[in-house]
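Student: Please see the structure below; I have some questions.
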Amino acid sequence: MNNHNIKIYNTLTRGKEDFTPRDPGKVGIYVCGPTVYGYVHVGNARPYVFFAVLSRYLRKIGYEVKLVENLTDVDDKIIERANKEGATSNDIATRFSTAYIEDTGRLGLGRPDVEPKATEHISEIIELCERLVEAGYAYETGGSVYYRVRDFPQYGKLSGQKTDQMKHCELARDGETKESPLDFAIWKMAKPGEPSWESPWGQGRPGWHIECTAMSMRYLGENFDIHGGGRDLVFPHHENEIAQAEAVTSRAFARYWMHNGMITRKDEKMSKSIGNIFLLREFLKEYDPRVLILFFISCHYRSPLEFSTGNLEEAAGMLERFRNCFWKINSVMGLSGPDDGSDCGSEALVAAMTHTSEAFHAEMQDDFNTAGALAAIFSLVRVINEYAEEASVAHEVNSGLLGEVRDLLTELLFLLGVEITSSDYGDSVLET
C-alpha cells in the first residue's frame, strides 16, 4: 500500500522533502521522551501523541515501523529532587517513570515499540564516549569528558546558530578545565551521593545529550529515518546529538528531523521551570483522554498551541459531534428501505465517502497535517447527518451503505488516535 508521496518538513533543511526511508518499506523513528523528575504535564504529552499518530498512519499505509521513545532517568534535575526529598536518584526516577507510563497509557494510543532508559544503556554510552575521545572530538579533564564543539565544522547546522555567536552551553564542574566555553560534557565525574558507574575516567555518569545518541544508534542504527521531539530540543540537545553521532560515523545521523510546536499558556511555553504547567494526570481527571488528542490534532503539529478552556471545550465539542453522528447512523440503520443504493441521498453519501478518504490521505501525506485530515472527516460528518435526517423522515435507508460509512469514519478517526466504540453511541434504533 505504500505507493504514496509523503512529504515531511525537515528542520535540518528548513523545507518540505519527499520522504524516502533508509530501507524500503521500513521506518525507524526516535523520539526524545521526558526526564523523569516529576509528573508529566500536558505539554510533554504532545510529542507522545503526535508520534503515536504518525506511526499509526505509516503502519496503515503499509510501512513496518519501529518507534523508540526514551526515558531520561539519570540527570541533574533528578538528583536535585532526590536531594530535596532525602531519597535516592533511583527512587525518584522509578516513581516518575512508572507514573509517566501510567498517565500516557490512559490516552489509549498503545506504547512505543521500545522505551529505553539511560541507566540500562551505560555500556553503550561509555563506548560512544571512548570512540569520541579516540577520534579526537572529546577530551578528559578532572574525571569528566567534554566534547570539542569547534572541532565539528558543521556544528549549528540544525539550529542555524553560529559558533562565533554562541555563549557557553554549560559551566565546567569543580576541578575541571574546559578548552572552550562551548564544550559540553558527555561524561560527568560523580560527586558524593550521586549515582555513578565505573568508566575509563573513574566513577561518573553520562551527560544528557550522549544518552539519546547512544540509545537511538543502539536500536535504529548509525543512520535512521526520523528523529523527533519538541521544538525546544533543537538547541542544544539535538544539535549536540548530531555532533556526537556524525563525528564518529562520518555519515548523516537522522535523515529527517521533526519538531512539534510548544503548548503555551498565555503566550508562555508550558514548563516546570516557569511554573505554568497543567499535569496530564490532573487533566485526565476532568476530561476524556480523547479530548486531549483532539485538542492536539486540531492544530498542525509544528504550530504552537494555546492551552485554554475555550480550546479544550472546542475539542470536547468535536468529540460530542462524532458521538452524535455515530448515534444517528446506528439509529437509522434499522429503518426499512432499499439496500441497493437507490434510496434518496445514497449517491451523495458515496461521493462524500470517496472525497473524504482522498482528502484525508492527501492531508496526512502533506507533512502529517492532522488539522486538514480532521476537517475532511467533518465534511463527511455533515453529509452523514443530512442523510440520517432525510432517512428518519422517509423511513428509507441503505443500511449496507451506512455500515460502510460507519466503518470508514471509525477507521479515519482511529488513524488520528480517536477511538469510537459502541459504548459511545449505544444500541438504540429509531422506531419505524
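The values are calculated or read from the model by the stated rules, or taken from the named source; none is laboratory data. Predicted, not measured: the structure shown is a model, and the values here were computed from it. Counting neighbours? That spans all protein chains shown, and the Cβs are built from the backbone with ideal geometry, glycine included. Please note that ligands, DNA and RNA were not included when accessible areas were found on the heavy atoms of the full protein model with its side chains. Shrake-Rupley method; radii C 1.70, N 1.55, O 1.52, S 1.80 Å.
Student: Given a 1.4 Å probe and every protein chain left where it sits, what share in percent of the accessible area of the chain is carbon and sulfur?
Tutor: Numbers: 8490 of 18110 Å².
Looking at the chain in its full context, I get 47 percent from C and S.
Student: Which value, in Å², gives the accessible area per residue of the range 299-419 when a 1.4 Å probe is used on the protein heavy atoms?
Tutor: Numbers: 4980 Å² over 121 residues.
Per-residue value: 41 Å².
Student: So if I take the alpha carbon set of the range 129-222, get Rg, then get Rh from the Kirkwood formula, what is the Rg over Rh ratio?
Tutor: Numbers: Rg = 13.7 Å, Rh = 14.1 Å.
That ratio equals 0.97.
Student: Can you sort Ile101, Ile122 by solvent-accessible area, 1.4 Å probe, largest first? Intermediate results must be reported in sequence, preceding the final value.
Tutor: Values: Ile101 65, Ile122 15 Å².
Sorted descending by solvent-accessible area, the residues read Ile101, Ile122.
Student: What are the aspartates and glutamates whose alpha-carbon lies under 13 Å from the alpha-carbon of Lys266, with same-chain residues fewer than 8 places away excluded?
Tutor: Correct list for Lys266: Glu306.
Student: Give me the tail of P(r) for the range 276-328 as a percent: Cα-Cα pairs with distance above 14 Å. Please list the in-between numbers first.
Tutor: On the way: 783 of 1378 pairs.
Counting pairs separated by more than 14 Å, the tail of P(r) holds 57 percent.
Student: Just to be sure I understand the rule: take each whole DSSP H helix in the chain, project its Cα atoms onto its long axis, keep it if the span is 20 Å or more and its mean Kyte-Doolittle hydropathy is at least 0.0. Which ones pass? It would help to have the intermediate numbers written out before the result.
Tutor: Details: long enough: 42-60 (27 Å, 0.16); 89-105 (24 Å, -0.50); 309-332 (34 Å, -0.30); 346-364 (27 Å, 0.19); 370-394 (36 Å, 0.88); 399-415 (24 Å, 0.96).
Helices meeting the criterion: 42-60, 346-364, 370-394, 399-415.
Student: Would you mind computing the Rg to Rh ratio of the range 61-120 from its alpha-carbon coordinates, Kirkwood style for Rh? Provide the component values of the computation, followed by the final result.
Tutor: Details: Rg = 14.4 Å, Rh = 13.1 Å.
Ratio of gyration radius to Kirkwood radius for the range 61-120: 1.10.
Student: Just in the range 86-140: which trypsin sites (Lys or Arg not before Pro) are loop by DSSP and have at most 14 other Cβ atoms within 10 Å?
Tutor: Values: sites: Arg95, Arg106, Lys117, Arg131; in loops: Arg106.
When the trypsin sites (Lys or Arg not before Pro) of the range 86-140 are filtered for loop state and at most 14 Cβ neighbours within 10 Å, Arg106 remain.
Student: Sticking with this structure for a sec: Could you list the GluC sites (Glu not before Pro) in the range 282-324 that lie in coil according to DSSP, counting only those with at most 11 other Cβ atoms within 10 Å of their Cβ? Mind showing how you got there, number by number?
Tutor: Details: sites: Glu282, Glu286, Glu306, Glu313, Glu314, Glu320; in loops: none.
Answer by residue number: there is no such site.
Student: Same structure, new question: Of the chymotrypsin sites (Phe, Trp or Tyr not before Pro) in the range 1-41, which ones lie in a loop per DSSP and count no more than 16 other C-beta atoms within 10 Å?
Tutor: Qualifying residues, ordered by number: none.
Student: Using only DSSP helix segments of four residues or longer, with each worth -39500 (n - 2.57), what per-residue ellipticity at 222 nm results for the chain after dividing by its residue count and rounding to 500? List each step's numbers first, then the result.
Tutor: Details: 12 runs with 184 residues, N = 432.
Using -39500 (n - 2.57) per qualifying helix, the result is -14000 deg cm²/dmol.
Student: Short version: ³J(HN,Hα) in whole Hz for each residue of the range 142-150, in order, from phi by Karplus 6.51 cos²θ - 1.76 cosθ + 1.60 (θ = phi - 60°), x for Gly and Pro, what are they?
Tutor: Residue by residue, the range 142-150 yields x, x, 9, 10, 10, 8, 7, 4, 5 Hz.
Student: In addition: With 32 Å as the limit, write out which pairs from Lys26/Lys328; Lys26/Lys157; Lys60/Lys328 have Cα-Cα distances beyond it, or answer none. Please list the in-between numbers first.
Tutor: Details: Lys26/Lys328 40 Å; Lys26/Lys157 27 Å; Lys60/Lys328 27 Å.
Too far apart for the 32 Å limit: Lys26/Lys328.
Student: Quick query: amide H of Thr141 versus all other amide H atoms, modeled in the peptide plane; which residues come in under 5 Å with a sequence gap of 5 or more or a different chain?
Tutor: Result for Thr141 returns Tyr146.
Student: Using protein chains only and a probe of 1.4 angstrom, how many square angstrom of Ser423 are accessible, to the nearest 10?
Tutor: Result for Ser423: roughly 100 Å² accessible.
Student: Along each of its three principal axes, how wide is the spread of alpha-carbon positions in the chain, in whole angstrom units, largest first?
Tutor: Over the chain, Cα extents along the principal axes are 85, 46, 35 Å.
Student: Run the reach check for Lys191 against lysines, Cα to Cα strictly under 27 Å, same-chain hits fewer than 8 apart removed. What comes back?
Tutor: Reachable lysines: Lys77, Lys84, Lys117, Lys167, Lys178, Lys272.
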